[in-house]
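A short worksheet on the structure shown next.
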Amino acid sequence: MLQKLGLTIFIAAFGLFIGTLGMNNYTLTDEILEKNFKEDVLFDAKIEFASMVDQSYSNSYTFTTELSEGIKQLNKVYNAQQAWDKKIYEDTILSIVKTSANGYLFDNKGFMFFLTFGMAIFGALLFILPEAQKPAGIKNNGIYFNPAMTRKWLGISIGTFLISFYLALYFKPQYIANWTMLIDPVSKLINGGEASRWFMYGFLYTISVLVMGIRYIIKYRHSKYQILRTLSIMFFQTCIAFILPEIMSNLNLPSADLKNIWPLDYSFFFNYRLDKLLNSGAFGIFLLVWGIALFVVGVPVMVYFFGKRWYCSWVCGCGGLAETLGDPYRQLSDKSLKAWKIERYLIHGVLAFAIIMTIGVLYTYFTGSYNLLGFIPTESLKSSYGFMIGSIFSGVVGTGFYPLMGNRVWCRFGCPLAAYLGIIQRFKSKFRITTNGGQCISCGNCSTHCEMGIDVRAYAQKGQDIVRSSCVGCGVCSSVCPRGVLNLENAETGSRVMIAPDVLLGNLMEK
């Protein structure tokens with residue numbers, strides 16, 4: 001009964017959240033144009049938007065579409081003139097939409113925040129907490145038949161919403177301006193200003209990790225390892241990734257996620273970031289040295305002792321969202337040999353792309369030349385990587401495809417840092433998952449719950465240790481095993497044996 005009430009409250013709050021997109025009225029004024037456009041663009045902007053000024057719009061879509069079309073026309077002119085310094089970006093359009101808004105949502109942001117986010121969180125907790133009264137432990141109790149956790153109508157609907165949200169966030173944030181407005185009270189509390197699209201995204205990200213982290217802890221409460229790991233994820237996302245950068249920004253210090261590591265943080269060596277760090281005194285130099293030391297020294301040392309799990313399953317924000325929000329979809333990961341082959345080529349291809357792009361960026365920074373080796377345009381490399389990998393792969397596909405391909409699509413197929421960590425784990429790490437094949441009853445729980453597409457049961461049946469470069473050491477395979485067959489261990493590298501999945505599969509078929 002309590003769970004049904006919680007689900008009802010959550011659905012109602014979510015529906016209201018969607019409805020807020022059409023709540024405001026909009027009026028564009030000369031003062032708003034003067035506030036949002038640079039002086040050398042303002043004259044052109046006033047001519048372009050003369051028909052919109054002082055007109056009242058009750059439909060947010062109509063206002064935003066007309067505004068976006070005007071910006072598009074201005075950018076066409078500036079592109080033709082090669083006036084790149086005049087180009088108008090999405091954040092400016094978002095700011096204009098927000099400052100043009102008036103109406104119930106604009107006047108009652110705090111109350112609407114409570115009715116949407118507050119009630120959604122309350123409803124979700126009412127739905128989640130009663131699970132603690134059920135027996136601890138995991139069984140394959142119908143997860144392939146739940147429409148929300150499979151590629152059925154509800155799962156596809158959830159995936160469609162996530163994909164649409166990421167497309168709007170990255171490319172058309174002006175259409176979700178009212179959602180950023182909902183977060184203004186939180187933003188003003190933390191940093192004193194209105195919410196940007198990235199603050200709104202960070203807030204949604206953090207709330208998802210916290211609420212679904214509670215669900216995860218309840219689900220895997222029989223495992224101390226899972227409880228500690230989830231608490232670590234929740235801490236790093238909330239304190240280090242979300243709150244600390246805002247505090248640093250308020251102190252006029254370079255804002256940085258201290259746990260983000262190149263090449264996952266692919267813009268670390270971009271010229272504007274290097275200039276900002278180098279011009280920020282001792283603290284900026286510290287952040288630069290810290291960032292370089294993490295991937296040069298920190299990653300190899302930590303992976304040697306603990307495997308890639310120390311980052312991918314205990315610290316990383318991408319992994320944190322996958323483990324919490326994405327946990328209901330972990331069984332959807334493809335376990336086939338074909339998927340494993342695609343994974344190897346794709347993830348290492350992205351790593352190579354990231355390395356070449358970074359070399360090009362640094363080459364331009366130090367030489368002033370925009371052509372690496374005389375013919376590779378470094379700006380095109382940078383923009384292509386940002387669009388294809390930074391936006392489409394890691395965001396739209398990486399999270400939007402949770403209900404379609406499992407919760408670790410990005411980590412498994414695209415994350416360049418995961419590839420770097422995995423290479424070290426594969427060849428020089430003490431970490432391994434040991435198996436006791438004599439105790440395996442072939443229930444399949446381990447393979448079902450492996451989010452990285454590893455057929456764990458095949459290894460367990462042969463009694464072979466699992467040392468796959470893709471394994472993130474989440475330990476769920478061990479937590480769901482009813483016989484204690486699987487154990488996460490750190491041992492000397494020479495004491496383990498690695499068998500490739502295709503060879504292992506062949507051995508099993510011969511049996």
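The values are calculated or read from the model by the stated rules, or taken from the named source; none is laboratory data. All of these numbers come straight from a predicted model, not from anything done at the bench. Cβ coordinates were reconstructed from backbone atoms using ideal geometry, including for glycine residues, and neighbour counts include every protein chain displayed.
Taking the numbered list (1) surrounded by fewer than 16 Cβ atoms within 10 Å (Cβ to Cβ); (2) charged (D, E, K, R); (3) modelled with pLDDT of 95 or more in turn, Arg229 passes all entries but (1). Being touching an Asp or Glu at 6+ places or on another chain (Cβ under 9 Å), closer than 19 Å to Gly123 by Cβ, part of a helix (DSSP H, G or I) and touching a residue at least 60 places away in the same chain (Cβ under 8 Å) is a property that does not hold for Ile207.
Those residues that are assigned to a helix (DSSP H, G or I) and touching a residue at least 40 places away in the same chain (Cβ under 8 Å), I need them from region 99-117; list them, please. Walk me through it before giving the result.
Of region 99-117, the ones assigned to a helix (DSSP H, G or I) are 99-100, 104-107, 109-117.
Scanning region 99-117 gives Thr99, Ser100, Tyr104, Leu105, Phe106, Lys109, Gly110, Met112, Phe113, Leu115, Thr116, Phe117.
The set of residues from region 20-69 being in a loop (DSSP other than H, G, I, E, B) and over 29 Å from Thr160 (Cβ atoms) comprises Thr29, Phe37, Lys38, Phe49, Ala50, Ser51, Met52, Asp54, Gln55.
Residues being assigned to a helix (DSSP H, G or I) and more than 19 Å from the chain's Cα centre (by Cα): count how many of those fall in region 349-382. Talk me through it step by step, then tell me what you get.
Going residue by residue through region 349-382, those that are assigned to a helix (DSSP H, G or I) are 349-367, 378-382.
From the residues that got through so far, the ones that are more than 19 Å from the chain's Cα centre (by Cα) too are 349, 352-353, 355-367, 378-382.
The qualifying residues number 21.
Residues that are surrounded by 13 or more Cβ atoms within 10 Å (Cβ to Cβ), touching a Leu at 6+ places or on another chain (Cβ under 9 Å) and not in a helix (DSSP H, G or I) do not occur anywhere in region 4-19. Filtering Ile342, Ile389 for residues that are under 23 Å from the mean Cα position of the chain (by Cα), surrounded by 20 or more Cβ atoms within 10 Å (Cβ to Cβ) and over 26 Å from Leu231 (Cα atoms) leaves a single hit, Ile389. The one condition from (1) within 30 Å of Gly142 (Cβ to Cβ); (2) of a type outside the set (Phe, Trp, Tyr); (3) touching a residue at least 12 places away in the same chain (Cβ under 8 Å) that Lys338 does not meet is (3). Confirm whether Arg215 is in contact with a Gly (Cβ under 8 Å, 6 or more places away or on another chain), crowded, with 20+ Cβ neighbours inside 10 Å, basic (Lys, Arg) and part of a helix (DSSP H, G or I). Criteria not met by Arg215. Regarding region 155-176, can at least one residue be identified that is farther than 27 Å from Asn24 by Cα, at pLDDT below 95, not in a helix (DSSP H, G or I) and not assigned by TED's automatic domain parsing to the domain that holds Asn445? Among the residues of region 155-176, not one is farther than 27 Å from Asn24 by Cα, at pLDDT below 95, not in a helix (DSSP H, G or I) and not assigned by TED's automatic domain parsing to the domain that holds Asn445, which makes the answer no. For Ile88, which of the numbered conditions (1) touching a helix residue (DSSP H, G or I) at 6+ places or on another chain (Cβ under 7 Å); (2) within 28 Å of Lys72 (Cα to Cα); (3) assigned to a helix (DSSP H, G or I) fails to hold? Single failed check for Ile88: (3). Candidates in region 160-186 are the residues that are closer than 19 Å to Ala120 by Cα and of a type outside the set (A, V, I, L, M); of these, the one that is surrounded by the fewest Cβ atoms within 10 Å (Cβ to Cβ) is Phe161.
For region 293-308: of the residues being surrounded by fewer than 23 Cβ atoms within 10 Å (Cβ to Cβ) and touching a residue at least 12 places away in the same chain (Cβ under 8 Å), which is farthest from Gln425 (Cα to Cα)? If you could, list the steps in order and put the result at the bottom.
Looking only at region 293-308, we keep the residues that are surrounded by fewer than 23 Cβ atoms within 10 Å (Cβ to Cβ), and these are 293-302, 304-306.
Now restrict to residues that are touching a residue at least 12 places away in the same chain (Cβ under 8 Å): 294-295, 298-300, 304-306.
Numbers: Leu294: 16, Phe295: 14, Gly298: 14, Val299: 10, Pro300: 9, Tyr304: 7, Phe305: 9, Phe306: 9 Å.
Applying the filter and picking the extreme gives Leu294.
If you filter region 70-97 down to residues that are of a type in the set (D, E, K, R) and surrounded by fewer than 16 Cβ atoms within 10 Å (Cβ to Cβ), you find that the one that is nearest to the chain's Cα centre (by Cα) is Asp91.
Is there a residue being over 20 Å from Glu323 (Cα atoms) and not assigned by TED's automatic domain parsing to the domain that holds Leu486 anywhere in region 413-423? Yes, there is a match, as at least one residue in region 413-423 is over 20 Å from Glu323 (Cα atoms) and not assigned by TED's automatic domain parsing to the domain that holds Leu486.
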